[in-house]
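No lab work stands behind these numbers, since they all come straight from the coordinates. For clarity, every value in this text was computed on a predicted model and none was experimentally measured. As a convention, Cβ positions derive from the backbone with ideal geometry for all residues, glycine included, and neighbour counts pool all protein chains shown.
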Amino acid sequence: MGGSSNGTFSAEEKAAMKEAAAEAKRAKSAKGKEAEAQVCLDKIAAMAPADRALAEKVHQIVTTAAPELDVKTWYGMPAYAKDGKAVVFFQDAGKFKARYATLGFQDNAALDDGTFWPTSFALVSIDDAVAARIAELVKRAVGEAAS
């Protein structure tokens, strides 16, 4: 996410901050988890076709690999949380007018590997090998041993 050259936030960044405020409000409601999960699915459905296909596949992989994660949104992006904090998220290319979608992991993801490791990945397609790698990363992120 990069703001404009004069240091202000871009329209996309401002929209993401508004989404974060709405997410916090939904989380406090009686139907917080249920409402957040539906908003996540609605966000995926509203994506451009190529991003939507990737997001749907990521959603299926993450919810299968780590069903204990809560489905929600994080700054308006599909996300999967543990103890209320996003662990993994999907950023569609269209959200910030990027060249590719991104699969990202937050700092609470247990992906530590020495003193240097990736926390986000460019995502342009998902074949069986990529799906298996995503599942393995998600399982590691939530502290499960790779199977």
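Computed values, structure above
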read-out: Burial ranking of peptide ranges 72-80, 10-18, 39-47, 109-117 (average Cβ count within 10 Å, highest at the top); value: 72-80, 39-47, 10-18, 109-117
read-out: The chain, relative contact order [Cα under 8 Å, separation at least 6], %; value: 19
read-out: Estimated inter-spin distance, Lys14 and Ala110, nm [label 7 Å along Cα→Cβ]; value: 4.2
read-out: Expected-Rg normalisation [2.2 N^0.38 Å, Cα atoms] applied to segment 51-147; value: 0.99
read-out: Structure-based [θ]222 nm, the chain - -39500 (n - 2.57) summed over DSSP H runs of at least 4, per residue, nearest 500; value: -14000 deg cm²/dmol
read-out: Theoretical FRET efficiency, 1/(1+(r/R0)^6), r = Cβ-Cβ of Ala132 and Asp83, R0 25 Å, to 0.05; value: 0.40
read-out: Long-range HN-HN contacts of Val87 with modeled amide H, under 5 Å; value: Tyr80, Ala81, Lys82
